[in-house]
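Shown next, in structure tokens, is the structure this report addresses.
The values are calculated or read from the model by the stated rules, or taken from the named source; none is laboratory data. All values reported here derive from a predicted model rather than from experimental measurement. Don't worry about glycine lacking a Cβ; one is built from the backbone with ideal geometry, like all the others, and counts go over all protein chains shown.
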Amino acid sequence: MIKVGIAGASGYTGLELIRLLVNHPEVELTVLTSETYKGKSVADVFPSLNGIIDIELQPFDSETLKACDVVFLALPHTTAMDKLPQLIESDCKVIDLSADYRLQDADAYPEWYSLTHTHPELLSKIVYGLPELHREKIKGAQAVANPGCYPTSVILALAPLMKTDWVNLDSIISDSKSGVSGAGRKPSMASQFSEANEGVSPYGLAGHRHTPEMEQELSGLAGNPIKISFSPHLIPMSRGMLSTVYIDLKKKLSDDDLIEHYQKFYNDEFFVRVLSKDRFANTHSVAGSNFCDIGIKVDTRVDRLVITSALDNLVKGASGQAIQNMNIMLGFEEKISLQSPAIFP
């Protein structure tokens, strides 16, 4: 059995890791950390785990975690920056769910995260963990930077187009909406019920921190610098994410042409489902699952392609994708513990 530790086990992504990993036949959860709830049982913090798992939460200790074969860092952004280097001194594999090692350019961190990266020498060594694009690199990695939820939805929506001459790469716009759990479990004004309920609100316009992550990966695929216009919104539901992506066409293409192209591109990708003609991505169809659904429509009046991309921000957008990465890193079947369909209705 593979011994697994989760740092930050009392957050939403930590809980989701536990929920999915308790059914993994090759895994034993051995260390769960939480600074807020140290000394308490994880089942006391999350009653949904009663009768399933009873492990005492403890403070972060790198020496304790180094005894694990795999460590998930489910910590707030900037918190994992100095912890990951401590862990990779040993043989354990690390999957970091924060943004601390996603960007390869150290100069991007002062601009987008208002800090200087403390370990820039590691940025080129940490693999960006989007399996559909980087599976071979993930297989041999000791540490993986798990992608953000917004970038996963947008990059998967656009990846099949980046090496074609069908689209204007300077015209990308993404209008994205996320459930409130994307803001994390710590209380904030924006996530309070009376603030979020019955309203949809944009935030981070023209400056959201996930923008350089998308541009980095899309530029790598295209072989040229790509910039996008990204507009995120908070929508009053617990979980789920929908990105509607717009890109101008340079040639006449039909819905059937593009659907066939996308289906070929993702033919071997179990967790990406390209929808049939006139069907569009819906968060209901992916809730609680590790799937990303993609729907396509050509707006012939303006020669523009509209791509809809839906996923669960806590699963394919975070913890499920992290487990997918773990399975690849350890040579397990990629779908283990992740094959459940969405919860519907």
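Listing for the model above:
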quantity	calculated
Scope region 278-293; condition in a loop (DSSP other than H, G, I, E, B) and farther than 16 Å from Leu130 by Cβ; matching residues	Asp278, Arg279, Phe280, Ala281, Asn282, Val286, Ala287, Gly288, Ser289
Selected residue [under 23 Å from Ile138 (Cβ atoms), in contact (Cβ under 8 Å) with a residue 40 or more places away in the chain and touching a Pro at 6+ places or on another chain (Cβ under 7 Å)] from Leu73, Leu103, Leu84	Leu103
Scan of region 46-79 for residues that are buried (at least 18 other Cβ atoms within 10 Å of the Cβ), assigned to a loop (DSSP other than H, G, I, E, B) and of a type in the set (A, V, I, L, M), ordered by number	Leu57, Ala74, Leu75
Lone unmet requirement of (1) within 23 Å of the chain's Cα centre (by Cα); (2) at positive phi for Gly51	(1)
Residue identified as under 18 Å from the mean Cα position of the chain (by Cα), within 24 Å of Lys186 (Cβ to Cβ) and assigned by TED's automatic domain parsing to the domain that holds Glu121 among Thr36, Thr78	Thr78
Where Asp293 falls short, out of the listed (1) without any contact (Cβ under 8 Å) to a residue 24 or more places away in the chain; (2) assigned by TED's automatic domain parsing to the domain that holds Lys250; (3) touching an Asp or Glu at 6+ places or on another chain (Cβ under 9 Å); (4) surrounded by 15 or more Cβ atoms within 10 Å (Cβ to Cβ)	(3)
Hits in region 248-274 - residues which are surrounded by 14 or more Cβ atoms within 10 Å (Cβ to Cβ) and either in contact with a helix residue (DSSP H, G or I) (Cβ under 8 Å, 6 or more places away or on another chain) or of a type in the set (Gly, Ala, Ser) (or both)	His261, Tyr262, Phe265, Tyr266, Glu269, Phe271, Val272, Val274
Qualifying residue in region 142-154 (condition: β-branched (Val, Ile, Thr), in contact with a His (Cβ under 9 Å, 6 or more places away or on another chain) and assigned to a helix (DSSP H, G or I))	yes
One residue from Arg279, Arg304 being of a type in the set (Lys, Arg), touching a Gly at 6+ places or on another chain (Cβ under 8 Å) and either crowded, with 22+ Cβ neighbours inside 10 Å or not assigned by TED's automatic domain parsing to the domain that holds Leu73 (or both)	Arg279
Residues located in region 294-345, provided they are outside any loop (DSSP other than H, G, I, E, B), over 17 Å from His284 (Cβ atoms) and of a type in the set (A, V, I, L, M, F, W, C)	Ile296, Val298, Leu305, Val306, Ile307, Ala318, Ala322, Ile323, Met326, Ile328, Met329, Leu330
Qualifying residue in region 195-216 (condition: in a loop (DSSP other than H, G, I, E, B), among the hydrophobic types (A, V, I, L, M, F, W, C) and in contact (Cβ under 8 Å) with a residue 40 or more places away in the chain)	no
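Each row is one residue, and each column tells you yes or no for (1) among the aromatic types (Phe, Trp, Tyr); (2) surrounded by fewer than 19 Cβ atoms within 10 Å (Cβ to Cβ); (3) at positive phi.
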{"site": "Ala159", "(1), (2), (3)": "no, no, no"}
{"site": "Val167", "(1), (2), (3)": "no, no, no"}
{"site": "Ser194", "(1), (2), (3)": "no, yes, no"}
{"site": "Glu217", "(1), (2), (3)": "no, no, no"}
{"site": "Lys227", "(1), (2), (3)": "no, yes, no"}
{"site": "Phe230", "(1), (2), (3)": "yes, no, no"}
{"site": "Leu234", "(1), (2), (3)": "no, no, no"}
{"site": "Arg239", "(1), (2), (3)": "no, no, no"}
{"site": "Ser243", "(1), (2), (3)": "no, no, no"}
